[in-house]
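**Q** Quick one: the structure is below, and I'll ask about it shortly.
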Amino acid sequence: MLRLLLAIFLTAAALAAKGPVYVVLWFDTEDYIEPAADDAALRIATDLEKAGVRATFKVVGEKARVLESRGRRDVIRALAQHDIGYHSNFHSMQPTPALYLRSMGWLDGAAEFERRERPGVDDIKRIFGLTPSCYGQPGSSWGPQSYRALLRLGIPVYLDEGEQVGVDEQPFWLGGMLHVFRMGRYLIRPALNNESLLPQTFEKFDRAAEALEARGGGVISTYFHPTEFVTSAFWDLNFAKGANPERSEWKKPPRRTAEESERCYRILLRYVEHAKARASVRFVTARDFPMLYESAAGRVKDRAVIARHMAERQTFLATEDGALSAAEMLQALLGMEPATVEGPVARGESTYRAGTIARPAFERAKADVAGTIRVNRRLPADVWIGSEKLSIADFAATLAADDGASAAVTLRKGNLEMEKYVSTDAKGTFSWPIHPEGFSAPQLLELARLQAWTLKPARLK
């Protein structure tokens, strides 16, 4: 009996030690050409509500306006029972975000994104009665300037999938936004065209859930498009390869048969029921994430650890006490309370050639950088030492290695290790049938590398 009780106790303790697995189920609700996609969204929202699961419907601005003009208050009400995100104003109509952002910098790109996207956000608010919880780019038409604009629009979460940037296939902070992006093996998508593959999907889900349980918890991301359930090709092929036909020339996508659609709905519900059956699984929405994860503001406990880390490499630091971005650690080394700031808007270059910097000059530079950060809420690209300058990376490494007392400060070169989390594939990461053929956007990846000063893994509460 004693052995039995001990076994029960150990089993219960092992189960209790398993971390929570949060499944975010999201639907890019975008097809404003085929009316049957309206009914698909209604069916999905209703079926999931009956199953006791809340999803996130990322709605395109034009889709919301079309639902309104068609009098589909039933669809609007059904979706509003779930969570509502934002999926761009016009989705695939040219120019898509990456096209117009590619030639722009950080500040003018953010202003242009806001100019184009604010009307869509405003219509989502008006039609659904709430601010969208999240944003995700159309296709692979991603641009980091969107972060600054989205925060101004009151949208704190970036929920989508792409290859541009990611950390350990789990949520992360970048540019002040909480990202669920580049989820790798934790992105699970059942194949709607082949129900016989569901057992393999279930196995993949279970392996992912077990891995997350063992590491203390995490997120599995699953997405669909309502239009997939009723059409056999995407509606936006009208805009393929950069095309932008007039509305009168738009063609509806081919329809699925009723039997095929029922198979799709059945696959979705079977997947949901399989996930629900696992004790550690909780379905969550994008609106839940800011409450599940610690805030973007890091906590500094050991300046010496930060200094050693930043002297060797500029990247985030994850410890038992939490995670700190390189930008937060730089602020701490400057004697500032770490705050959420932006990365530099350009890549700085050192012109200072001497091996040391006189103490008074270095102290003035420190004060200048701290003042710049406080006023602009952004890291400078360069740091002035008299008439010469250091890149922010070289300055950070030098500051971290400084003993604070010697008459001269030894110059150190920066090591921007954080940039390895940003893709170098300027063509493949933007591959999407809607982009012009051969589209490439190295400028956008470069901006992301600059913002990687703000990158760090997100930590569950």
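The values are calculated or read from the model by the stated rules, or taken from the named source; none is laboratory data. In this text, all values refer to a predicted model and were calculated from it rather than measured experimentally. Every residue, glycine as well, gets a Cβ built from its backbone with ideal geometry; the counts of neighbours run over all protein chains shown.
**Q** Do we find a residue being among the hydrophobic types (A, V, I, L, M, F, W, C), farther than 28 Å from GLU294 by Cβ and either surrounded by 15 or more Cβ atoms within 10 Å (Cβ to Cβ) or at pLDDT 95 or above (or both) anywhere in the range 316-324?
**A** Looking for residues that are among the hydrophobic types (A, V, I, L, M, F, W, C), farther than 28 Å from GLU294 by Cβ and either surrounded by 15 or more Cβ atoms within 10 Å (Cβ to Cβ) or at pLDDT 95 or above (or both), one finds none in the range 316-324, hence no.
**Q** From the set of residues in the range 292-306 that are touching a residue at least 40 places away in the same chain (Cβ under 8 Å) and over 22 Å from LYS420 (Cβ atoms), which is surrounded by the most Cβ atoms within 10 Å (Cβ to Cβ)?
**A** The qualifying residue surrounded by the most Cβ atoms within 10 Å (Cβ to Cβ) is TYR293.
**Q** Please report, ordered by residue number, the helices (runs of 4 or more DSSP H) entirely within the range 245-344 with at least 2 residues that are touching a Phe, Trp or Tyr at 6+ places or on another chain (Cβ under 7 Å) and either on the phi < 0 side of the Ramachandran plot or not hydrophobic (A, V, I, L, M, F, W, C) (or both).
**A** Helices (runs of 4 or more DSSP H) meeting the threshold: 258-276, 326-333.
**Q** Restricting the search to the range 82-118, which residues are assigned to a helix (DSSP H, G or I) and touching a strand residue (DSSP E or B) at 6+ places or on another chain (Cβ under 7 Å)?
**A** Within the range 82-118, none qualify.
**Q** Same structure, new question: Out of everything in the range 325-365 that is buried (at least 17 other Cβ atoms within 10 Å of the Cβ), hydroxyl-bearing (Ser, Thr, Tyr) and touching a Leu at 6+ places or on another chain (Cβ under 7 Å), what residue ends up being nearest to PRO457 (Cα to Cα)?
**A** SER325
**Q** A follow-up question, please. So in the range 289-315, with the set limited to residues that are basic (Lys, Arg) and touching a helix residue (DSSP H, G or I) at 6+ places or on another chain (Cβ under 7 Å), which one is modelled with the highest pLDDT?
**A** ARG313
**Q** Among the listed residues ASP160, ASP122, identify the single one that is surrounded by fewer than 20 Cβ atoms within 10 Å (Cβ to Cβ), over 24 Å from ARG377 (Cβ atoms) and either free of Cβ contacts under 8 Å to residues at least 24 places away in the same chain or within 13 Å of the chain's Cα centre (by Cα) (or both).
**A** ASP122
**Q** Of a type outside the set (Asp, Glu) and without any contact (Cβ under 8 Å) to a residue 12 or more places away in the chain, is that true of GLY414?
**A** Against the criterion (of a type outside the set (Asp, Glu) and without any contact (Cβ under 8 Å) to a residue 12 or more places away in the chain), GLY414 does not qualify.
**Q** Can I ask one more? Restricting to the range 16-57, count the residues that are of a type in the set (A, V, I, L, M, F, W, C) and in a loop (DSSP other than H, G, I, E, B).
**A** Number satisfying all stated conditions: 4.
**Q** Give the residues of the range 421-448 that are in a helix (DSSP H, G or I) and either among the polar types (S, T, N, Q) or free of Cβ contacts under 8 Å to residues at least 60 places away in the same chain (or both), sorted by residue number.
**A** Those that are in a helix (DSSP H, G or I) and either among the polar types (S, T, N, Q) or free of Cβ contacts under 8 Å to residues at least 60 places away in the same chain (or both): THR429, PRO442, GLN443.
**Q** Determine whether the range 119-142 contains at least one residue that is part of a loop (DSSP other than H, G, I, E, B) and within 21 Å of LYS420 (Cβ to Cβ).
**A** Yes.
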